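The values are calculated or read from the model by the stated rules, or taken from the named source; none is laboratory data. Worth saying up front: this structure is predicted, and the values here are computed from it rather than measured. Note that we place each Cβ from the backbone using ideal geometry, even for glycine, and neighbour counts take in every protein chain shown. Accessible surface is based on the protein model in full, side chains and every heavy atom, while ligands, DNA and RNA are left aside. Shrake-Rupley method; radii C 1.70, N 1.55, O 1.52, S 1.80 Å.
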Amino acid sequence: MDANGFDDFTGVMTTATPTPMPTLSRARTGALMAMGSMLCVQVGLAVSVGLIDQVGAEGAAWLRLVWAGVLMLAIGRPRRSDFTRSGLVASVLLGIVIAGMTLLFMAAVARLPLGTASALEFLGPLGVAVARGHAGRFVWPPIAGVGVLLLTEPWAGTADPVGVALALGAAACWAAYILLTQRVGDEVAGVTGLAVSMPVAAVVASLAVGPDAIGQMTRELWLIGLGLAVLLPVVPFTLELLALRRLNTAAFGTLMSLEPAIALVIGLVLLGQVPGVFAILGIGFVVTAGIGAERTGGREVAPSNTSAPLLQHPGRTGVDHQTDLADKSDGAVFTGASRD
């Protein structure tokens with residue numbers, strides 16, 4: 001007993017540690033977050049399609065890019081000291097690609113069903129995954145090719161050839177976007193790179209279509225655009241960031257390969273776009289090729305960013321999320337980064 005009349009404590013003091021979430025529960029939660037991210041993206045695109053009748057495809061794309069640029073600039077608050085010269089150049093180039101990708105895709109969905117346009121655009125990340133693949137890398141392109149034929153039905157002449165060309169142009173931009181996103185992620189921490197890229201995309205879109213689009217804007221349309229920018233990319237970014245802390249890259253990439261199928265369902269439910277049998281089969285082939293290519297493709301993580309020696313995950317929302325909670329044994333990095 002001490003001088004104050006209290007018994008001396010002779011045991012070992014321990015601190016309570018939080019009980020970790022079970023692996024299965026973490027995986028299930030991560031999967032739901034990834035699915036929620038894809039759902040937000042496709043709902044945002046469907047709502048954007050609804051704007052096309054009012055402001056045209058270019059106006060709808062411009063409105064989303066402008067608000068996304070403002071939001072990401074406010075969130076990221078980039079400083080010149082955050083960038084190396086090459087990192088800044090890559091971030092600017094990424095913004096140019098984002099603008100082209102968004103404008104081309106919105107023009108495509110004005111002419112094609114959402115599911116068809118999304119599946120054609122998905123050929124971009126699929127091509128990158130195949131190029132980086134190992135076993136089976138020559139199996140997936142023919143499967144994807146069959147899917148494209150089923151989606152476009154060239155023998156029937158039902159698909160708008162201009163829409164197909166625009167979607168394929170968006171696919172090429174998405175492939176370039178993936179490579180640039182990974183470059184930016186290797187050199188710039190967090191969302192700082194995107195905080196430069198998105199405003200650049202807004203400026204490029206403004207130069208391309210802004211003069212025609214601004215005159216059509218009303219207070220209601222500005223508010224709708226703000227809501228769309230929150231729906232895409234702010235909410236998907238948050239969900240992906242949380243999902244990547246619970247899933248390894250193979251699981252995350254496989255889930256994201258399902259996006260063309262989700263686009264098909266959203267197009268049916270929100271836009272009344274009833275797919276034919278060939279369209280359903282075509283999207284099935286593209287999804288299968290995407291899953292297969294993702295699971296056999298990988299990327300060596302660049303060691304140059306010594307301040308953050310973690311796996312780089314290019315997510316749907318356009319930034320390489322860095323997390324040390326992913327499976328370190330999995331060297332593959334999902335290449336289906338977000339675009340719109």
So is A208 in contact with an Asp or Glu (Cβ under 9 Å, 6 or more places away or on another chain), outside any helix (DSSP H, G or I), closer than 28 Å to R79 by Cα and open to solvent by 50 Å² or more (accessible area, probe 1.4 Å) or not? no
Would you point out the residue of the stretch 232-268, among those that are in a helix (DSSP H, G or I) and among the charged types (D, E, K, R), that is farthest from R26 (Cα to Cα)? E259
Enumeration of residues in the stretch 269-279 that are in contact (Cβ under 8 Å) with a residue 60 or more places away in the chain and part of a helix (DSSP H, G or I): L270, L271, F278, A279
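Limited to the stretch 37-60, what total is found for residues that are under 14 Å from the mean Cα position of the chain (by Cα) and farther than 12 Å from M106 by Cα?
Counting residues in the stretch 37-60 that are under 14 Å from the mean Cα position of the chain (by Cα) and farther than 12 Å from M106 by Cα gives 7.
Test of understanding: among L32, L103, which residue is crowded, with 22+ Cβ neighbours inside 10 Å and either of a type in the set (A, V, I, L, M, F, W, C) or part of a helix (DSSP H, G or I) (or both)? Working first, answer last.
Details: L32 fails: crowded, with 22+ Cβ neighbours inside 10 Å.
After applying the criteria, what remains is L103.
Name the residues in the stretch 128-165 that are within 14 Å of A289 (Cβ to Cβ) and either at pLDDT below 85 or basic (K, R) (or both), would you?
Residues of the stretch 128-165 that are within 14 Å of A289 (Cβ to Cβ), as a first pass: 128-131, 133, 136-151.
Passing the criteria: V128, A129, V130, A131, G133, G136, R137, F138, V139, W140, P141.
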Those residues that are under 11 Å from A261 (Cβ atoms) and open to solvent by 40 Å² or more (accessible area, probe 1.4 Å), I need them from the stretch 272-284; list them, please. I280
Do we find a residue being surrounded by fewer than 18 Cβ atoms within 10 Å (Cβ to Cβ), assigned to a loop (DSSP other than H, G, I, E, B) and modelled with pLDDT under 85 anywhere in the stretch 166-189? yes
